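The structure appears right after this line, and notes come after that.
The values are calculated or read from the model by the stated rules, or taken from the named source; none is laboratory data. Keep in mind it's a predicted model, so treat the numbers as computed, not measured. No Cβ is skipped: glycine too gets one built from the backbone with ideal geometry, and neighbour counts run over all protein chains shown. Note: accessible area is taken over every heavy atom of the protein model, side chains too, but ligands, DNA and RNA are not part of it. Shrake-Rupley method; radii C 1.70, N 1.55, O 1.52, S 1.80 Å.
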Amino acid sequence: MKVHNLQGKELEVLALDFETYYDKAFSLRKLTTTEYVRDPRFQVHGCSFIRKENPFWLSGPSLSCYLNGVDWANTAVLAHNCAFDAFILTQYFGHTPAYYLDTLSMSKGEFGVGCLHRLNDLSERLGNGTKIAGTLESTEGVKELTLELEEQLSLYAMQDVQLLWDNFHKLYFERNYPTAELHIIDLTIRCFVEPKLIVDHDLCRQEIDAEMQKKSQLVALAGVSTTQLSSNQQFAELLRQRGVEPPRKISLTTGKSTFAFSKTDPDFLALELDERVTTLVQARRAVKSSISETRAHRLIANSRPTLPVMLNYCGAITHRWSGGDKLNLQNIPGGRKGQSDLLRQAIQAPKGWRFCRTDSSQVECRTAAWIAGEEPLLEVFRNNGDPYIELASEIYGYPINKHDHPEERAVGKAGELSLQFGVGVDKFVKSVQVGQSGPAIPDFSYELGQRAVQIYRAKRTAIVAAWKRLGQILAAMPSMGLNDSITFGPNGLYRMEADRIMMPNELFIQYPNLQGTDNGAGRVEFFFNTRDGVNYIYPAMLFQHLVQSTARSIVAAQILAIAREIPDIVMLVHDECDFLVREEDADAAIQFAVNCFRQPPSWCSDLPLDAEGSHSQSYAK
């Protein structure tokens, strides 16, 4: 079996599956993949392979000898959870193949986040059989396998690698998994298994000390215990004692009322503006959010000597990446709104190299306008205008400019970025007051927010019309037959089926068991199944999914264009691409990457895009 890599080179596929020592204290349940494989206790029991047809098992010196004889420059490695197996191959055995194939990632792309993607789940779903039960558990805590136990493990492992082989064949050759997405999977795996970034541990320790001191000061200022702040019920009672009713929300997964105490809940963020509970809320946030400390500790633990960057391909319903291996590098604070950027400073390029970043400018806003056919907004982008200033000027009723009116422009920015997805007045006002997408403006009034929503919806008529059309489609989807579909968007780009939508990258956004239910007030509400329960969806959210998934497809295509010329991609973070180049090549590389990010794919050739780029010694801007 052969495949072609991003450069078009034909490669022989080698499927493999390592079996390793584990026990109750030493396993992937307790440790990150990086910590597990780099630990002195780590031990490989053996590995099962398929090169062409029949599976085989090797262990001990025979395994090392075989791996030493593989022509890795002309080999693509195939695994289920390739990040694990290829990390062993590159970091433990020291072999680097030409390409990485991963059926775990392919399963996520093919079937969505609403189902399980373990080897056995995928094999059963594809009709390829099941794993041998019980064998792996019998090796727990066994450092030296008996001949009998190794024989059992070899049969188990060879069955696994056969399932792996058959699953890939069915996904790629029979179900026609998109080749471009295989290249994206390869880049995603490569960020982890071929790590190049280094971490300044002293800066991480500074972050830990600063966070612990800040937390201690806030708790002391609030005059309550950490236990009271940590417990939802006790925190709610503290609010009531100060005359404030705890905010509540309806859980999207359970459908039940619960406290709105999440760090992203606008009602909770708005509590900080209430002088009666300001210090209490700040202390609660500090106690509940140990993310900076935890991240700093994990950066240290996972960066000896280099930092692998684990990302989950198609980790979100919109196919965007999510953070993995207990270390999410996608949302490290960047120094805005008084946040520390020490952790970004700590993530660095090796000596003689530069950390380069190119970032797509306003890609979701541009994509939303393009999908809906919002021509006036597209024209602003084509003329290099600032839509945030234009909207803000209408909201406030006087001319706005970026230099003299930063708060007003921030309102315009919040309007364009959130109101395009149907946000109502209450949520919009609270998001502006607490500064969810810019500086906090506590005195932003409900009346001004109401005016903003009215102006936006009167101004962006094509986007509002897109919500209406998607509402009609959403109502029709549950009753569609297997061969029914409805097209939507420019040139009918999106194909809506009963419970899924075909996207430009040939992957589907999945809505398992999509159903409409009368809410008792004459309105139908729509729900679909996830692994965590039932999720609510409405027309403007469906539009948001289309926009975010399309933006992801655009950025992914641009990243591939960069990777054809610049091999050392090290992170894929939302709407940006991060890579390393030699110091002397940094300026030219950034210009090349920015040009790639300004070029839309052929299926949206009329979409005006822009980008910016920079390079530094570290991840900090």
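The table below lists the values:
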{"read-out": "Residues whose placed amide H lies under 5 Å from that of R500, excluding near-sequence neighbours", "value": "Y511"}
{"read-out": "Axial C-alpha extent at least 30 Å, average Kyte-Doolittle at least 0.0 - helices from the chain (DSSP)", "value": "539-563"}
{"read-out": "Most positive-pole-ward Cα, N401, V113, P178, against dipole of the chain from beta carbon charges", "value": "N401"}
{"read-out": "Whole-Hz couplings from phi, Karplus 6.51/-1.76/1.60, listed for segment 350-360; x for Gly and Pro", "value": "x, 4, x, 10, 10, 8, 10, 9, 10, 10, 6"}
{"read-out": "Cα centroid separation - segment 49-105 against segment 576-601, whole Å", "value": "31 Å"}
{"read-out": "Alpha carbon centroid spacing (whole Å) that separates segment 270-305 from segment 470-525", "value": "39 Å"}
{"read-out": "Solvent-accessible heavy-atom area per residue, rounded to whole Å², over segment 492-551 at 1.4 Å", "value": "41 Å²"}
{"read-out": "Inter-label distance, nm, simple model (7 Å from Cα along the C-beta direction), H297/V142", "value": "3.4 nm"}
{"read-out": "Highest average packing first - 433-444, 236-247, Cβ atoms within 10 Å", "value": "433-444, 236-247"}
{"read-out": "Exposure of K402 as accessible area (Å², to 10), given a probe of 1.4 Å and all protein chains", "value": "130 Å²"}
{"read-out": "Sulfur and carbon atoms: percent of accessible area, the chain [1.4 Å]", "value": "48 percent"}
{"read-out": "Test item: Cα-centred dipole of segment 175-258, Lys/Arg +1 and Asp/Glu -1 on Cβ, debye", "value": "540 debye"}
{"read-out": "Exposure rank, largest accessible area first [L28, L218; 1.4 Å]", "value": "L28, L218"}
{"read-out": "Value of relative contact order over segment 1-112, rounded to a whole percent, pairs C-alpha under 8 Å and six or more apart", "value": "27 percent"}
{"read-out": "Accessible area, probe 1.4 Å, largest first, for residues E374, E364", "value": "E364, E374"}
{"read-out": "Shape of segment 1-145, Cα gyration tensor, a/c cut at 1.5", "value": "oblate"}
{"read-out": "Where segment 254-347 is the region considered: accessible area per residue in Å², 1.4 Å probe", "value": "42 Å²"}
{"read-out": "FRET efficiency, 1/(1 + (r/R0)^6) with R0 56 Å, evaluated for S614 and N483 via beta carbons", "value": "0.65"}
{"read-out": "Over segment 222-329, relative contact order from alpha-carbon pairs under 8 Å, at least 6 apart, %", "value": "17 percent"}
{"read-out": "Heavy atoms of I250: accessible area, 1.4 Å probe, square angstrom to 10", "value": "110 Å²"}
{"read-out": "For segment 480-616, with +1 on Lys and Arg beta carbons and -1 on Asp and Glu, the positive-most of F526, S614, N505 along the dipole", "value": "F526"}
{"read-out": "Size of charge dipole - segment 527-615 - debye, nearest 20, with Cβ of Lys, Arg +1 and Asp, Glu -1, no other charges", "value": "560 debye"}
{"read-out": "Computed FRET value (nearest 0.05) for R205 with Q7, which takes r as the C-beta separation and R₀ as 45 Å", "value": "0.60"}
{"read-out": "Simple Cβ-charge dipole of the chain, Lys/Arg +1 and Asp/Glu -1, about Cα centre, in debye nearest 20", "value": "1220 debye"}
{"read-out": "Positive-pole candidate from T264, S549, I486, dipole of the chain, charges at beta carbon", "value": "T264"}
{"read-out": "Mean accessible surface per residue for segment 1-57, computed with a 1.4 Å probe while every protein chain stays in place, in Å²", "value": "46 Å²"}
{"read-out": "Estimated FRET transfer efficiency (R382, Q213; beta-carbon r; R0 51 Å; 0.05)", "value": "0.55"}
{"read-out": "Ranked order, V193, V464, V199 - accessible area, probe 1.4 Å, largest first", "value": "V464, V199, V193"}
{"read-out": "Span from the segment 20-39 Cα centroid across to the segment 187-235 one, whole angstrom", "value": "23 Å"}
